[in-house]
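The values are calculated or read from the model by the stated rules, or taken from the named source; none is laboratory data. A quick note: this is a predicted structure, and the numbers were derived from the prediction, not measured. FYI the Cβ positions are ideal-geometry reconstructions off the backbone, even for glycines, and counts take in every protein chain you see. Surface accessibility is based on the protein's heavy atoms, side chains included, excluding ligands, DNA and RNA. Shrake-Rupley method; radii C 1.70, N 1.55, O 1.52, S 1.80 Å.
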Amino acid sequence: MSGQNTDVIPAQRRGARQILAAGIGNTAEWYDWYIYSFLTRYFAPQIFPGDNALAQTLSSFAVFAVGFFLRPIGGLLIGALADRWGRRNTLTLTILTMGAASLIIAITPTYASVGILAPVILVFARLVSGLSIGGEFAANTTFLVESAPEGRRGFYSSFQYVSTTIGQLIASGLATVLTLTLTSSQMNSWGWRIGFAVGALIALVGLWIRRAAVETHVPPVEHKPHLFEAIVRFPKPSLLIIGVTIAGTISYYTWTTYLPNYAEQNKVDPSMALLISTISLAFFGAIQPLVGSLSDRIGRKPLLIIFAAAFAVGIVPGLALIRSGPSFGGYLLISLLGMVLLSGFTSISAALNAEIVPGRVRAAGIGFPYSLTVALFGGTAPFIGTFFAERGNPGLFGWWVALLCVVSLVVYIVMPETSRKPLAD
């Protein structure tokens with residue numbers, strides 16, 4: 001564990017409180033990102049000019065991707081701040097900025113009222129959000145895993161995606177309620193704004209909860225790490241994190257973010273797609289601790305290998321089945337199976353990353369390469385999928401995902417097992 005001393009030990013004794021303090025930030029951060037995806041079909045015509053609904057959706061997903069490209073910068077800058085200033089203080093900063101970004105989107109004027117300023121404001125909010133979430137992950141991952149007792153890092157790590165899934169679940173559930181209770185006209189004019197206003201409220205709750213968190217990392221008084229120390233001194237761990245993350249991020253954003261939109265683009269009823277997404281996300285969150293605990297027993301590698309191999313082989317036929325217009329039960333079964341396989345990565349991602357990078361530079365050392373990989377391969381997933389659909393070749397997207405899974409599969413096979421090693425200082 002980073003910085004083994006009497007000041008850090010209390011963090012391992014506060015178990016559930018530490019998990020909650022870390023988790024509420026993930027919930028706030030990812031609620032915002034997913035409410036954007038779920039409601040994009042309603043606000044895109046209000047923010048972007050033109051009459052082509054697919055082109056407007058493509059524009060909104062392009063902005064979604066732009067926000068992701070601030071994540072590496074946030075991971076580096078805010079991660080370095082967490083290494084120099086402590087995890088707890090940094091997590092307060094990230095949740096404040098995330099709440100501000102949500103509020104900005106909630107009050108963004110329409111294109112009809114302010115013209116080109118509307119998409120400019122939206123882009124600005126996504127940039128703030130991207131910077132915040134890159135830093136949130138960097139500080140949050142280290143805080144959560146450093147709070148874990150020896151032999152339970154996989155279990156603690158799993159709550160990274162439990163809380164993330166709760167945020168997605170709230171977003172999916174709220175989107176479902178809004179679409180079922182409001183008319184299309186109401187959703188297009190003002191209903192979508194409710195989703196982002198709720199995001200700002202969640203951030204305020206998170207700020208209050210994090211006041212009780214205990215710091216897990218006491219920065220050195222002298223010789224504090226400089227901004228690029230993690231990259232310069234530890235290039236191999238940085239490259240390893242990139243290789244580990246490629247398959248996980250493309251699969252995660254495909255299966256949890258883009259899948260409802262993919263289904264809608266292929267004539268699946270939007271209400272059914274959102275309902276199945278909500279059920280699948282609840283199931284996904286529930287199984288995370290089980291898989292994380294399993295990794296503490298059998299190691300990280302077996303789960304990673306099974307995940308990547310299964311997605312590499314199954315993603316193309318899985319998406320083809322969805323394009324064929326399956327029944328409610330068929331679509332749900334496909335979605336749940338993907339969630340089981342995906343948990344082999346998500347439940348242990350935080351632990352694996354923390355086990356790769358030394359404590360002195362852990363936040364920045366994880367934050368930059370991880371967020372860069374997510375920006376390049378995860379944030380662009382909805383855009384690439386929509387692009388293929390617009391060109392009349394939606395099936396190509398599955399092959400793209402499969403290729404990236406093969407890349408990470410090779411990394412998983414050759415990398416060393418990390419679950420039995422103590423965290424390096």
- Message: Of everything in region 170-224, what is at pLDDT 85 or above, open to solvent by 50 Å² or more (accessible area, probe 1.4 Å) and not in a helix (DSSP H, G or I)? Give them in sequence order.
- Response: T183
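Of S335, S343, which residue is open to solvent by less than 10 Å² (accessible area, probe 1.4 Å), at pLDDT 95 or above, out of contact with any strand residue (DSSP E or B) (no Cβ under 6 Å at 6 or more places or on another chain) and not aliphatic (A, V, I, L, M)?
Values: S335 fails: at pLDDT 95 or above.
Testing whether each residue is open to solvent by less than 10 Å² (accessible area, probe 1.4 Å), at pLDDT 95 or above, out of contact with any strand residue (DSSP E or B) (no Cβ under 6 Å at 6 or more places or on another chain) and not aliphatic (A, V, I, L, M) leaves just S343.
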- Query: Between a first residue in region 135-161 that is within 15 Å of F345 (Cβ to Cβ) and a second residue that is open to solvent by 10 Å² or more (accessible area, probe 1.4 Å) and among the charged types (D, E, K, R), which pairs have beta carbons less than 9 Å apart while being 6 or more apart in sequence or on different chains?
  - Reply: G154/D296; G154/R297
- Test result for T257, among the hydroxyl-bearing types (S, T, Y), part of a helix (DSSP H, G or I), open to solvent by less than 10 Å² (accessible area, probe 1.4 Å) and at pLDDT below 90: yes
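Give the residues of region 260-319 that are of a type in the set (D, E) and either open to solvent by less than 10 Å² (accessible area, probe 1.4 Å) or not in a helix (DSSP H, G or I) (or both), sorted by residue number. Give the steps one after another, and end with the answer.
Of the residues in region 260-319, the ones of a type in the set (D, E) are 264, 269, 296.
D269, the sole residue that qualifies.
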- Query: Any residue in region 105-119 that is modelled with pLDDT of 90 or more and closer than 25 Å to L372 by Cα?
  - Reply: yes
- Residue that is farthest from the chain's Cα centre (by Cα) [pool: residues in region 28-46 that are open to solvent by less than 10 Å² (accessible area, probe 1.4 Å) and not hydrophobic (A, V, I, L, M, F, W, C)]: T40
- Item | Matching residues in region 225-254 - criterion: being of a type outside the set (A, V, I, L, M), in contact with a helix residue (DSSP H, G or I) (Cβ under 8 Å, 6 or more places away or on another chain) and in a helix (DSSP H, G or I) | E229, R233, P237, S238, G243, T245, G248, T249, S251, Y252, Y253, T254
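Quick one: count up the residues across region 346-383 that are over 27 Å from Y262 (Cβ atoms), assigned to a helix (DSSP H, G or I) and at pLDDT 90 or above. Lay out the reasoning, then the answer.
Taking region 346-383 first, the residues over 27 Å from Y262 (Cβ atoms) are 350-369.
Then keep just the ones that are assigned to a helix (DSSP H, G or I); that gives 350-356, 359-369.
Imposing the further condition that a residue be at pLDDT 90 or above reduces the set to 350-356, 361-369.
Count: 16.
So in region 85-94, with the set limited to residues that are open to solvent by less than 50 Å² (accessible area, probe 1.4 Å) and not hydroxyl-bearing (S, T, Y), which one is farthest from the chain's Cα centre (by Cα)?
Looking only at region 85-94, we keep the residues that are open to solvent by less than 50 Å² (accessible area, probe 1.4 Å), and these are 86-87, 90-92, 94.
Then drop every residue that is not not hydroxyl-bearing (S, T, Y), which leaves 86-87, 91.
Values: G86: 22, R87: 19, L91: 16 Å.
Among those residues, the one meeting the criterion is G86.
The rows are residues; the columns are (1) farther than 30 Å from P49 by Cβ; (2) open to solvent by 10 Å² or more (accessible area, probe 1.4 Å); (3) touching a residue at least 60 places away in the same chain (Cβ under 8 Å).
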site	(1), (2), (3)
L70	no, yes, yes
I73	no, yes, yes
D83	yes, no, yes
L96	yes, yes, yes
A101	no, no, yes
I104	no, yes, no
T108	no, no, yes
L117	no, yes, no
- Selection from region 412-425 of residues at pLDDT 95 or above and surrounded by 19 or more Cβ atoms within 10 Å (Cβ to Cβ) yields Y412
- Which one of these is open to solvent by 10 Å² or more (accessible area, probe 1.4 Å), modelled with pLDDT under 80, in a helix (DSSP H, G or I) and over 21 Å from A171 (Cβ atoms): A16, A55? A55
